[in-house]
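Remarks on the structure that follows.
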Amino acid sequence: MSVFPYSTYEDIPTLDDVKREISSIVGLHKIKIQLEKIVEKIISAENDASYSFRVVPPKPFHMLFVGNTGTGKSTVARILGKLFYLSGSLPSYDVIETGLRGKMKTGDGGILLVDIDERDLDSNKLEEIISVMDEEETSVIFAGNRIALNQSMKLNKELYKRFSASLLFDDFTCEELAMIIVKKMNDQGEDSPLRGFELDASCSTDNIAKVIGEESFEELRSQLNAYLVDQILLEAKTCLEKRVGSKPETKISLKDLGMGIGNATQIYKKLLCM
């Protein structure tokens, strides 16, 4: 339910849905606390509205998401989009992800998540984004590492004063990456390439974390974070299939996972020229 419930959507997100999404996030403890505070404010506003108190929705604001690739910035943006919509701040909970290379997509009353890469900075595109920010119908989030964001602010001195909040996304630890692996294997969609496969009993979170620490290296984990997980699991599945041949085996062992981590590490090491 929204304080301002007008919507053209068939499936309107509820606070309960969003609370479940927040609780399922791995890591990002400080950010989760901030998201939960927004939920509390929405609940308080809805209680006031139920007693016929006049509730003025907060104005949309713009944010900086500071963090490396794969640290959950898109996930948090989607949650914030729903929270801003439910609070009446935005007329849409759509999140449009775009960059500064090529034709820029624009928001439509929801969130415009702009991926900032120091290699693609364009002063003309930044001017376009400033015009979107000033319309007050879209919340703009700049997402990138600290170097890229600092360079974008230097390129256009008008940018920084338009941002009201900044969230820091830490790199995932080996333990958190292990939790993501277990979660991804337990929550597979119908189109998952790992559909029908599962981790065997040897693949506890602690054991997986230990193997991640042994078979990968910190610089790569820092560059990729959760983006490393899909390749690890695909490589582990391949290792299982090679190990059992034509046997109908679907349980990925810790050894398969360890080999998958090593193979994924080598693949990305070559791709990233590390």
Can you pull the three principal axis extents for the Cα set of the stretch 15-169, in Å, largest first? 51, 33, 24
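How much mean residue ellipticity at 222 nm does the chain get from its helices, if each DSSP H run of length 4 or more adds -39500 (n - 2.57) and you divide by all residues, to the nearest 500 deg cm²/dmol? Mind showing how you got there, number by number?
Numbers: 10 runs with 134 residues, N = 274.
Result for the chain, helices only: -15500 deg cm²/dmol.
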For the chain, evaluate the Debye formula with one uniform point scatterer on each Cα (no solvent term) and list log10 I(q)/I(0) at q = 0.08, 0.10, 0.11, 0.12 Å⁻¹, rounded to two decimals. -0.41, -0.62, -0.74, -0.85
Out of Phe169, Val132, Ser24 - ranked by how far each Cα lies towards the positive end of the dipole of the chain, with unit charges on the beta-carbon of charged residues - the top one is Phe169
Quick check on packing: order 135-145, 245-255 by the mean number of other C-beta atoms within 10 Å, highest mean leading. 135-145, 245-255
Relative contact order of the stretch 174-271, pairs being alpha-carbon contacts under 8 Å that are 6 or more residues apart, as %: 35
So, by mean Cβ neighbours within 10 angstrom, what's the order for 35-44, 167-176, 192-201 with the highest one leading? 167-176, 35-44, 192-201
Using Cα atoms only, what is the angle between the long axis of helix 205-215 and the major principal axis of the chain, expressed in degrees (0 to 90) to the nearest 10? 80
Assigning unit charges at the beta carbon (Lys, Arg +1; Asp, Glu -1) and nothing else, what dipole magnitude in debye, to the nearest 20, does the stretch 15-169 show about its Cα centre? 500
Could you state the angle between the C-alpha long axis of helix 254-271 and the longest principal axis of the C-alpha atoms of the chain, as a value from 0 to 90 degrees rounded to the nearest 10? 60
Report the one residue of Tyr268, Leu234, Gly258 whose Cα lies farthest in the direction of the positive end of the charge dipole of the stretch 228-274 (charges on C-beta: Lys and Arg +1, Asp and Glu -1; origin at the Cα centre). Gly258
Over all Cα pairs of the stretch 174-271, how is the pair count split among 5 Å bins, expressed in % and running from 0 up to the last occupied bin? 2, 14, 27, 27, 18, 9, 2, 0
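Normalise the Cα radius of gyration of the stretch 102-179 by 2.2 N^0.38 Å (N = residues in it) and let me know the number. Kindly include the intermediate steps, with their values, before the conclusion.
Numbers: Rg = 14.2 Å, N = 78, 2.2 N^0.38 = 11.5 Å.
In units of the 2.2 N^0.38 Å rule of thumb, it is 1.23.
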Defining a contact as two alpha carbons under 8 Å apart and six or more residues distant in sequence, what relative contact order in percent does the chain show? 18
Given +1 on the Cβ of Lys and Arg, -1 on the Cβ of Asp and Glu, and no further charges, what dipole in debye does the chain carry about its Cα centre, rounded to the nearest 20? 480
Tally Lys/Arg at +1 and Asp/Glu at -1 over every other residue whose Cβ is under 15 Å from the Cβ of Leu35; what's the total? +4
What do you get for the angle between helix 73-86 and the principal long axis of the chain? Use alpha-carbon atoms, 0 to 90 degrees, nearest ten. 40
Dipole check, the stretch 174-271, charges on Cβ (K,R +1; D,E -1), about Cα centroid: among Val244, Met179, Leu224 the Cα furthest to the positive pole belongs to Val244
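No lab work stands behind these numbers, since they all come straight from the coordinates. In this text the structure is predicted, and so the values were computed from the model without any measurement. Every residue, glycine among them, receives a Cβ derived from its backbone with ideal geometry; neighbour counts consider all protein chains shown.
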